Structure formats: structure tokens, C-alpha cells
Amino acid sequence: MRNLAPIGALTLAAMLCATATAVRAHDELKYPNMRAQWTRIGSAAFDPNRPGGRGQQPPLTPEYQALLDNILAARAQGSLEGNMTVTCIPAGMPRAMIVYETMDVIVLPETTYVRMSYMNELRRIYTDGRAWPAKITPTFAGYSIGRWLDEDGDGRYDTLVVETRGFKGPRTFDGTPGIPLHSDNQTVVEERLYLDRSDPDVLRADIKVTDHALSRPWSVARKYQRERNPHWSEYICNEGNQQLLLGKENYMVSADGFLMPVKRGQGPPDLKNFNQPR
Amino acid sequence: MVNRCIIGAATLAVALGVATVSGLAHDEAKYPNLKGAWVRADQGQTMPWDPSKPAGRGQQAPLTPEYQALYDTALARQAAGINVSSCLPPGMPRSMIAPEPMEIIVMPDTTYIMLTYMSEFRRIYTDGRKYTDEVEAAFSGFSVGTWQDTDGDGRFDTLVVETRGLKGPRTFDDSGIPLHKDNQTVIKERIYLDKSDPDLLHNEITTTDNALTRPWTVTRSYRRDRNVEWVEHLCADNNQYVTLGEEVYSIGGDGVLSPTRKDQPPPDLRYFTPSR
């Protein structure tokens with residue numbers, strides 16, 4: 001009997017240990033503490049480590065470099081051509097990860113949610129082991145599958161590796177100048193998300209984009225700062241948005257409710273569908 | 001030695017037990033399982049605020065005379081074919097009609113409600129914080145909640161929520177039942193799973209607003225879809241309307257500005273030099 005007691009206690013301890021492990025397998029002890037408000041570190045260029053505009057040196061194909069040149073020429077005249085967010089179309093991936101305002105990250109075992117205040121974009125990164133679906137409904141955020149890695153071998157996950165496909169467009173890498181992605185939307189975005197090894201209040205995203213507008217994959221490294229006392233604001237693009245897109249032409253709506261040109265010499269919109277004189 | 005083993009094992013067991021309880025205090029065993037997509041249970045063509053009553057005037061909204069007159073005007077404009085689509089989010093409480101699926105994430109300190117329609121995002125704080133007048137107004141408002149164990153089984157089953165700090169304009173539903181422009185709305189919700197069907201979620205919503213003569217309570221329900229394919233709702237991608245001053249115009253599929261009613265005059269192009 002004396003021998004049974006310690007065995008029983010040990011069995012209990014082992015059972016509890018197993019239970020504790022089971023619980024921990026699904027709780028935050030297994031995952032890095034990424035649930036926070038994150039704000040961008042660095043510029044809003046796609047590659048924050050290079051100057052904006054042509055200084056980005058995107059590895060565009062000649063066809064898409066020509067498109068970018070046209071966009072730059074139009075921008076020089078005041079047009080916002082090439083920047084679809086001016087009409088409240090979301091940035092989409094990979095531009096969403098520039099994080100113009102704030103970003104929520106919520107880690108659950110089966111899904112990591114990345115939610116942008118800007119344009120209210122929501123990314124679901126599935127980490128439940130699913131395979132790529134046979135058919136993906138294209139979205140600006142794309143369809144993301146991830147897996148957690150324990151790179152330093154300490155028994156806890158530290159790095160979320162993500163692949164994103166299944167896009168719709170038009171999308172650009174950035175807002176200014178509006179470096180285009182290919183209109184075939186066959187973009188593949190690969191990411192590694194992890195906390196900085198020496199500063200857990202810094203989140204890093206290594207982003208690699210493969211796209212037919214590029215002559216080679218384009219890799220950038222972005223960083224975000226954790227805000228421990230966050231203030232959340234609603235971003236409502238259509239509230240007070242003065243931009244209007246008619247066909248391929250951008251216009252503005254003035255404060256007094258009239259259509260306005262956005263560039264020098266821009267003609268008025270076509271009114272052929274009206275049968276009444278002004 | 002045996003005694004040390006017993007004491008050691010018992011100490012370990014107690015220590016692990018504490019660790020387990022601590023773990024459970026922050027895991028889903030304490031909270032109802034609200035995972036999955038929730039689709040509004042009322043699948044009618046119209047989406048009135050009170051799903052148990054007919055749409056429009058049939059809602060019998062307890063509006064003050066002033067706001068009933070505003071509603072009558074809105075109904076008359078709609079009857080004349082004048083519709084306004086601005087891509088502004090519905091805001092609370094209308095968000096909870098959930099025209100498209102919603103997802104709920106329950107964390108100990110916050111419950112998130114992610115609505116596909118208009119990409120609305122609600123944070124319901126359950127960390128004990130209080131509403132203050134310094135809260136920045138928002139269409140979704142500022143929500144604080146408390147979890148309750150109403151059946152005493154040791155698990156939370158009901159999320160009680162109060163939402164204030166709203167901005168406008170907001171309406172109860174797409175027929176245009178207005179909320180007061182002072183935005184002093186207070187919304188109280190009780191969110192819980194059906195006792196006999198865990199794939200059915202109920203939300204008892206009481207709205208107090210200065211456009212109403214009394215609080216208006218409705219019960220909305222949502223059915224769980226465990227195999228949802230999430231889609232993006234992009235209002236701006238499909239919005240065919242533009243408001244210029246008091247006039248609403250549509251944008252045709254070819255991107256050309258068009259009238260929304262017979263004999264509507266074209267917009268004033270005073271800021272353009274005549275060239276077309």
C-alpha cells in the first residue's frame with residue numbers, strides 16, 4: 001500500500017501534466033505574444049529601406065516599367081492614377097502590410113487574424129494544416145496559409161511562415177508612386193512574421209513577392225512597433241472621401257458638392273446619358 | 001525517501017493543478033464556443049430591424065413624432081426612386097443585422113465581432129474598463145461587456161454588452177428608420193447560444209435613443225456555418241452611386257455618369273473649362 005500511494009500521486013501528477021500540456025497546446029504559452037496594436041516603423045514606401053518613387057528600384061519587367069513611367073507622368077500633372085485606394089478600394093496584399101494606420105494581430109491555434117484599421121482590411125491566415133483549396137474566390141487580401149515554426153528550439157513557436165495567393169486587382173505595391181502588380185493577379189506573397197529577438201515590442205515581417213510584373217522576386221523587410229496602451233480609431237474611407245472615379249478618369253467632389261478636375265486641362269465627364277439641359 | 005516522493009509528487013501535483021487551473025482561466029473551456037461563421041437566421045428578402053415584424057411601417061418603430069416625420073420623408077423618397085448609397089458603415093445597432101456572415105473571437109479581455117458586410121469590426125472589452133466621455137465617437141461605438149454564468153454550471157454562457165460613443169448618421173435598417181442625430185444612443189445586448197441548439201446564437205438588443213419614445217427591444221438570431229468560405233465585401237468596388245450636392249447619380253457599367261430618375265438634370269460642371 002505504501003508503494004501504491006506514490007504511484008498514485010505520480011500518476012495524478014502525470015495526468016495533470018498531460019492535461020496542462022494539452023491546455024497549453026491551445027493557449028498563448030505555445031505562441032508568441034503578438035496580440036497587440038502595431039504601428040508602422042519606417043516609411044510608407046513598399047521597401048522602407050530605400051527612398052520612395054524611382055528610388056524604390058522595383059525589379060519591373062520593361063512592360064510594367066513603362067506603365068509605372070506613365071503613372072509617374074500622370075501624377076506629375078496631379079492625377080491620382082494608379083492609386084485605387086483614393087476611391088476606397090482596399091490596398092490588398094502585399095501593400096496592406098505597409099500598415100498606414102494601425103494593425104491588430106490575433107493569434108489562435110487554427111487562424112491568425114491580421115486586421116488593418118486602414119480600409120478595414122482583414123487577413124485570415126489559416127494555420128490548421130489545410131491544403132490549398134481547388135478553387136479560391138479572388139480577394140484583395142488573398143487566401144493565406146501559414147505554419148508556425150520553433151526556429152530557436154525552445155519549445156515555443158516563434159515564426160509564422162505565410163504564403164498568400166488568390167488575388168483580385170488592381171493592386172499596387174504602394175500608394176506613391178503606385179508601383180503596379182500584374183493584371184493577371186497571379187501574385188504569390190511569402191512572409192515570415194516574428195518578434196524581434198532583442199525587442200519583443202518590435203514585430204518583423206520579411207516579405208517576398210513573386211509577380212509577373214517583376215523580372216525577379218522582390219523582397220523587403222518591414223517592422224512594426226507594439227503600442228501597449230492602444231487608442232483605436234475607426235477608419236471610414238467613404239466618410240468625407242472627395243475622390244471619384246468615372247471610367248479611368250479621377251475627379252474630385254468639391255466641398256460645396258460640385259465635380260472638379262484633378263489635373264490641369266482635364267475635360268468634364270461625359271454626360272451623354274442625360275437628356276435634360278443644365 | 002518514500003515520504004519525500006509522496007510529498008514531492010503531491011507538491012508537483014498541486015503545482016501542476018494550479019498551472020492547469022491558471023491555464024483554463026484563460027482558455028476556451030471557460031467560455032462558450034462561438035467559433036465559426038454566423039449567418040443571420042432570418043433569411044427573408046428584406047432585412048428589417050425587428051425580424052419578427054414586417055419591414056417598413058410594419059416595424060411599428062416607437063419613433064417620436066419628429067423622427068416619425070423624418071422616416072415618412074425617407075419612405076417617400078424611396079418610393080420616388082431616390083436611393084442613397086454612400087458606403088458608410090451601418091454602425092450600431094444595425095450592424096447586428098449581419099447581412100453577410102460574421103465571425104466572433106472570444107478572448108478573456110476582448111470579444112471581437114468581425115462583420116463581413118462593410119468590413120465592420122467590433123471590440124467588446126471584457127477587461128473591466130469603463131466607458132468615458134473621452135471615447136472617440138465611432139459608427140461601431142465603444143462596447144464594454146461582462147460575461148455571466150446564468151445557469152451556474154461554472155462556465156460563462158452570456159455576454160452582456162453596453163455600447164455608447166456613437167457617431168452618425170445611422171439608421172436601424174435599410175428602410176431608413178432613423179436614430180437621433182445627437183448620437184446619444186445606448187445599446188444593450190445579451191448574446192448567448194441557444195440552450196438546446198449550440199449552432200444557434202441569440203442576441204437580445206435593446207436600443208435607447210432620443211428618436212424613440214421608449215427603448216426598442218428586438219431579438220436577432222444567427223445560425224452557425226462551420227464550413228464557410230469567407231469573402232470580402234467591398235462596397236466601393238460595387239458602389240454605383242455618387243452624391244453631388246443634393247442629387248444622387250449612378251455610375252453605369254461603362255463608367256459614365258447617369259441619372260437615377262426620369263428627367264434628372266445633369267450635374268453642374270462649373271469648375272471645368274468647356275471642352276467636351
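Residues being outside any loop (DSSP other than H, G, I, E, B), away from every other protein chain (no Cβ under 14 Å) and either on the phi > 0 side of the Ramachandran plot or at pLDDT below 80 (or both) are represented in the range A:47-65 by at least one member.
Selection within the range A:66-101: residues that are among the aliphatic types (A, V, I, L, M) and at pLDDT 95 or above. The member of this set that is farthest from A:Gln243 (Cα to Cα) is A:Ala66. A:Ser198 meets all of the listed conditions (1) away from every other protein chain (no Cβ under 14 Å); (2) in contact (Cβ under 8 Å) with a residue 60 or more places away in the chain but one, namely (2).
Every residue, every condition in (1) closer than 27 Å to A:Met119 by Cβ; (2) in the same structural domain as B:Thr64 (by TED's automatic domain parsing); (3) of a type in the set (Asp, Glu), yes or no:
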{"residue": "B:Asn210", "(1), (2), (3)": "no, yes, no"}
{"residue": "B:Thr213", "(1), (2), (3)": "no, yes, no"}
{"residue": "B:Val231", "(1), (2), (3)": "yes, no, no"}
{"residue": "B:Glu246", "(1), (2), (3)": "no, no, yes"}
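Conditions tested, residue by residue: (1) in contact with a helix residue (DSSP H, G or I) (Cβ under 9 Å, 6 or more places away or on another chain); (2) of a type in the set (Lys, Arg); (3) farther than 16 Å from B:Gly91 by Cα.
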| site | (1), (2), (3) |
| --- | --- |
| B:Ile105 | no, no, yes |
| B:Asp127 | no, no, yes |
| B:Lys130 | no, yes, yes |
| B:Ala137 | no, no, no |
| B:Asp151 | no, no, yes |
| B:Asp157 | no, no, yes |
| B:Asp194 | no, no, yes |
| B:Asp199 | no, no, yes |
| B:Thr206 | no, no, no |
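Flag set for A:Asp174, criterion: closer than 20 Å to A:Val220 by Cα and part of a loop (DSSP other than H, G, I, E, B). Scanning the range A:229-251 for residues that are facing chain B (nearest Cβ under 9 Å) and more than 25 Å from A:Pro170 (Cα to Cα) turns up A:His231, A:Trp232, A:Ser233.
Listed by first and then second residue, the pairs with beta-carbon distance under 6 Å, at least 6 apart or on different chains, first residue in the range B:183-199 and over 14 Å from B:Arg224 (Cα atoms), second of a type in the set (Gly, Ala, Ser), are B:Asn183/B:Gly168.
Every residue, every condition in (1) at the interface with another protein chain (Cβ under 7 Å from one of its Cβ atoms); (2) surrounded by 17 or more Cβ atoms within 10 Å (Cβ to Cβ); (3) in contact with a strand residue (DSSP E or B) (Cβ under 8 Å, 6 or more places away or on another chain); (4) among the basic types (Lys, Arg), yes or no:
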{"residue": "A:Thr159", "(1), (2), (3), (4)": "no, yes, yes, no"}
{"residue": "A:Glu163", "(1), (2), (3), (4)": "no, yes, yes, no"}
{"residue": "A:Thr172", "(1), (2), (3), (4)": "no, yes, yes, no"}
{"residue": "A:Glu227", "(1), (2), (3), (4)": "no, no, yes, no"}
{"residue": "A:Val253", "(1), (2), (3), (4)": "yes, yes, yes, no"}
{"residue": "A:Leu259", "(1), (2), (3), (4)": "yes, yes, yes, no"}
{"residue": "A:Leu271", "(1), (2), (3), (4)": "yes, yes, yes, no"}
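If you go through the range B:140-180 and keep only what is among the polar types (S, T, N, Q) and under 30 Å from B:Arg57 (Cβ atoms), you end up with B:Ser140, B:Thr163, B:Thr171, B:Ser175. Given B:Thr116, B:Thr150, B:Thr132, B:Thr146, which one is surrounded by fewer than 21 Cβ atoms within 10 Å (Cβ to Cβ) and within 11 Å of another protein chain (Cβ to nearest Cβ)? When all the criteria are applied, what remains is B:Thr116. Among the conditions (1) in the same structural domain as A:Asn49 (by TED's automatic domain parsing); (2) among the polar types (S, T, N, Q); (3) in contact (Cβ under 8 Å) with a residue 40 or more places away in the chain, A:Asn250 misses just one, which is (1).
The values are calculated or read from the model by the stated rules, or taken from the named source; none is laboratory data. It should be emphasised that the depicted structure is a prediction, and the values quoted were computed from it without experimental measurement. Positions of Cβ are backbone-derived with ideal geometry, glycine not excepted, and every protein chain shown enters the neighbour counts.
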